[in-house]
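Here the structure is laid out as structure tokens; the discussion comes afterwards.
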Amino acid sequence: MTYGKQSLDFISRMMMLSVSPAKIWYPAADIYDIPDGWIVKLELAGVSPEDINIEVRGNSLSVSGFRKDKTCRKVLFCRQMEIVYDRFEKTLFLPENIEDANIEYTCENGFLYIYLKKLT
């Protein structure tokens, strides 16, 4: 199939529109009940730990941050772009107040694990 210059220009414009700046994405998350609290797991492939913010307010846990595309600076043209590189946020609600919980987190294999331990 052959495309003329106008068709290619139109396709390029449409591709640029589909990768709009300032697009917020919402990562998938799981919450597990454990005897002394909860484990929250978020899918954050490609996000550096230093680009993650965790906030607790009442019974809500908010995780936000930014996924940066480090490859984009090295290439001349992006042929296809489906992964969102921009700001993300996720707010989850737990069954109890977690403001006094002991919070620890770790990043492993593209997942953020947040351990919320109830204080007894």
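Read the figures in this text as sums done on the coordinates, not as results from a lab. Just so it is clear, the structure is predicted and the values come from calculations on it, not from any experiment. Neighbour counts are summed over all protein chains in view; Cβ atoms, including those assigned to glycine, are modelled from backbone coordinates with ideal geometry.
With respect to the cross-link table entries Lys23/Lys70; Lys41/Lys74; Lys68/Lys117; Lys70/Lys90, which display a Cα-Cα separation exceeding 27 Å?
Values: Lys23/Lys70 17 Å; Lys41/Lys74 32 Å; Lys68/Lys117 31 Å; Lys70/Lys90 23 Å.
Pairs exceeding 27 Å: Lys41/Lys74; Lys68/Lys117.
Which of the GluC sites (Glu not before Pro) found in region 17-113 are loop residues per DSSP with 14 or fewer other Cβ atoms within 10 Å of their Cβ?
Those satisfying the criteria are Glu82, Glu96, Glu99.
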Query - Size descriptor, Kirkwood hydrodynamic radius, that averages inverse alpha-carbon separations across region 21-117, Å - result: 14.6 Å
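Using the count of nearby Cβ atoms within 10 Å as a rough guide to exposure, how do Ile98, Ile54 rank from fewest to most? Provide the component values of the computation, followed by the final result.
Details: Ile98 23, Ile54 14.
By the 10 Å Cβ count, ascending: Ile54, Ile98.
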Query raised in the report: Can you sort Phe88, Phe77 by how many other beta carbons sit within 10 Å, fewest first?
Result: Phe77, Phe88
Requested in this report: Please report Arg67, Arg87 as a ranked list, fewest other C-beta atoms within 10 angstrom at the top and most at the bottom.
Outcome: Arg87, Arg67
Requested in this report: Set the Förster radius R0 to 25 Å, insert the Cβ-Cβ distance between Asn53 and Val75 as r into 1/(1 + (r/R0)^6), and round the FRET efficiency to 0.05.
Outcome: 0.30
